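Student: The structure's right below; bear with me while I get my questions together.
The values are calculated or read from the model by the stated rules, or taken from the named source; none is laboratory data. This structure is a prediction, so every number in the text was calculated from the model and none was measured. With ideal geometry, Cβ positions are generated from the backbone for all residues, glycine too; neighbour counts draw on all protein chains shown. SASA here: full protein model, heavy atoms, side chains in, ligands and nucleic acids out. Shrake-Rupley method; radii C 1.70, N 1.55, O 1.52, S 1.80 Å.
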Amino acid sequence: MNDKRTTSPRRRRVLSGLGAASLATVLLPRARAAVAPLPVEPWSQQPGEPGLWHPYGLPSDFEKDVVRRISRPPAMPGATSTLTPLGDLFGAITPNGLVYERHHGGVPLIDPAQHRFVIHGLVKQAREFTLDDLMRFPSVSRVHFLECSGNTASEWKGPSGLPVQMTHGLLSCCEWTGVPLSTVLDEVGVAPEAKWFLAEGSDAAAMTRSIPLAKGLDDALLVYAQNGEHLRPENGYPLRLLLPGFEGNTNIKWLRRIKLTAEPFMTREETSKYTDLQADGLARQFVFEMDAKSVITRPSAGQHLGGPGFYPVSGLAWSGRGCITRVEVSMDGGKTWRDATLQGPVQSKAATRFEAGWHWDGAPADLQSRATDETGYVQPTRDALVAARGLNSYYHYNGIQNWQVAANGEIRNA
């Protein structure tokens, strides 16, 4: 019997260029003359907990610190946000219990049997739908990222010193299941003069945003499930709007109505809020798509390298305008760059995991990543972003992030 062992193309790329000594460091971090028999640990000497220990599965107690964290104290009751622990996650999908939150009026507790959704305005026939009505339409499931437009706003003025959860944690990526909005719009009939629609939530803030009708007819979804189960209350249960690639606040949670109109409504959330003030005092309004962006999640600020040797440099890249086509990494603060490997499947308007092998020699280093999307857009440096838009903005920051590695292995946002 032939025992032919092969190395995957991805692993060959990661290991390419490493010498024999480096390869030994990868595969055998600690050389030993002999391997002693493994001890029989206490957990192997008695039966464990029964399978229904928890009717709804929970993470290991050893992962108790992998949780969402509040970004800052709420400015008013119900106005809170929590951040996804990106540095502790793997792959591209965010578990439901760790998906970031942003609320303007708290989380309403809605009885799905009583919830109603209405489409009205410039339509041929206004309609009211129950959740059961919507679930009877043909459904689709798609993977897309969701990012708050205020994500990484901490870095506008310069390095904040914060870890990746606090700088980039208003980002999550899930499989979303629901009905294409275009299907329901076909059901009610769209009037020729309709060009925009207002989406409104059932929360105490009555969160509302004006959306171009073209987006609703393209890839918008009326979502009722997330990663295979019904939406969590904090993520819009029982119904939310999903606008792939658009800034998070437009993806209205607890959706109660959509009104078609000829013009935008100019609500509070698109005039005094969610506009980008530029250096000349003018504001960018209705900036919907999230630009291409990436961040190294491991190693990143707050983590620690255990000594010189081989490390996989891993992170996430995403773009609101389509697929990520390239991610480059730098270990010298952007002086030189090399391509990282993209982990498939690479999907449109979805987070993509990237990875590159790095042999750290113990000297100080600066880790960066740079994403390119299918439109050719390249993630800018912070200096380039500030030169273009000034320092008055709060939203839509997508500058290259730098993690500084000290000789003792400590990593800082600097």
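Student: So which residues in the range 348-358 are outside any strand (DSSP E or B) and crowded, with 19+ Cβ neighbours inside 10 Å?
Tutor: Lys349, Ala350, Ala351 - these are the residues of the range 348-358 that are outside any strand (DSSP E or B) and crowded, with 19+ Cβ neighbours inside 10 Å.
Student: Please work out which residue is surrounded by the fewest Cβ atoms within 10 Å (Cβ to Cβ), limiting yourself to the range 69-83 and to residues that are of a type outside the set (A, V, I, L, M, F, W, C) and farther than 19 Å from Tyr237 by Cα.
Tutor: Pro73
Student: Next up: What's the total number of residues in the range 220-248 that are open to solvent by 20 Å² or more (accessible area, probe 1.4 Å) and not in a strand (DSSP E or B)?
Tutor: Qualifying residue count, the range 220-248: 6.
Student: Right, next: Hey, any hits in the range 249-263 for a residue that's in contact (Cβ under 8 Å) with a residue 12 or more places away in the chain, over 30 Å from Lys195 (Cβ atoms), among the polar types (S, T, N, Q) and not in a loop (DSSP other than H, G, I, E, B)?
Tutor: Among the residues of the range 249-263, not one is in contact (Cβ under 8 Å) with a residue 12 or more places away in the chain, over 30 Å from Lys195 (Cβ atoms), among the polar types (S, T, N, Q) and not in a loop (DSSP other than H, G, I, E, B), which makes the answer no.
Student: Give the residue that is least open to solvent (accessible area, probe 1.4 Å), with candidates limited to residues of the range 296-319 that are of a type outside the set (Gly, Ala, Ser) and free of Cβ contacts under 8 Å to residues at least 60 places away in the same chain.
Tutor: This residue is Val313.
Student: Looking at the range 329-343, which of the residues that are part of a strand (DSSP E or B) and under 15 Å from Trp403 (Cβ atoms) is farthest from the chain's Cα centre (by Cα)?
Tutor: Only one residue fits best here, namely Asp332.
Student: If a residue counts only when it is closer than 30 Å to Thr261 by Cβ and at pLDDT 95 or above, which strands (runs of 3 or more DSSP E) contained entirely in the range 61-175 have at least 3 such residues?
Tutor: 116-121, 127-130, 140-147
Student: Ok, one more. Could you pull out the residue among Glu147, Glu155 that is crowded, with 19+ Cβ neighbours inside 10 Å, acidic (Asp, Glu), touching a Leu at 6+ places or on another chain (Cβ under 6 Å) and in contact (Cβ under 8 Å) with a residue 24 or more places away in the chain? Give the steps one after another, and end with the answer.
Tutor: On the way: Glu155 fails: touching a Leu at 6+ places or on another chain (Cβ under 6 Å).
Answer to the check: Glu147.
Student: Could you list, in sequence order, the residues of the range 272-295 that are open to solvent by less than 60 Å² (accessible area, probe 1.4 Å), in a loop (DSSP other than H, G, I, E, B) and not aliphatic (A, V, I, L, M)?
Tutor: Tyr274, Thr275, Gln278, Gly281, Phe286, Phe288, Asp291
Student: Considering only residues that are within 16 Å of Gly281 (Cα to Cα), touching a residue at least 12 places away in the same chain (Cβ under 8 Å) and loosely packed, with under 15 Cβ neighbours inside 10 Å, which ones fall in the range 370-393?
Tutor: Taking the range 370-393 and keeping what is within 16 Å of Gly281 (Cα to Cα), we get 386-393.
Within this subset, residues satisfying the condition of being touching a residue at least 12 places away in the same chain (Cβ under 8 Å) are 386, 389-393.
Of everything in the range 370-393, those that are within 16 Å of Gly281 (Cα to Cα), touching a residue at least 12 places away in the same chain (Cβ under 8 Å) and loosely packed, with under 15 Cβ neighbours inside 10 Å turn out to be Leu391, Asn392.
Student: Same structure again: Quick one: which residue in Pro55, Pro95 is of a type outside the set (A, V, I, L, M, F, W, C) and surrounded by fewer than 12 Cβ atoms within 10 Å (Cβ to Cβ)?
Tutor: Step by step, each of Pro55, Pro95 is checked, and only Pro55 is of a type outside the set (A, V, I, L, M, F, W, C) and surrounded by fewer than 12 Cβ atoms within 10 Å (Cβ to Cβ).
Student: Between a first residue in the range 109-122 that is within 17 Å of Ile211 (Cα to Cα) and a second residue that is small (Gly, Ala, Ser), which pairs have beta carbons less than 8 Å apart while being 6 or more apart in sequence or on different chains?
Tutor: Qualifying pairs under 8 Å: Val118/Ala126; Ile119/Ala126; His120/Ala126; Gly121/Ala194; Leu122/Ala191; Leu122/Ala194; Leu122/Ala262.
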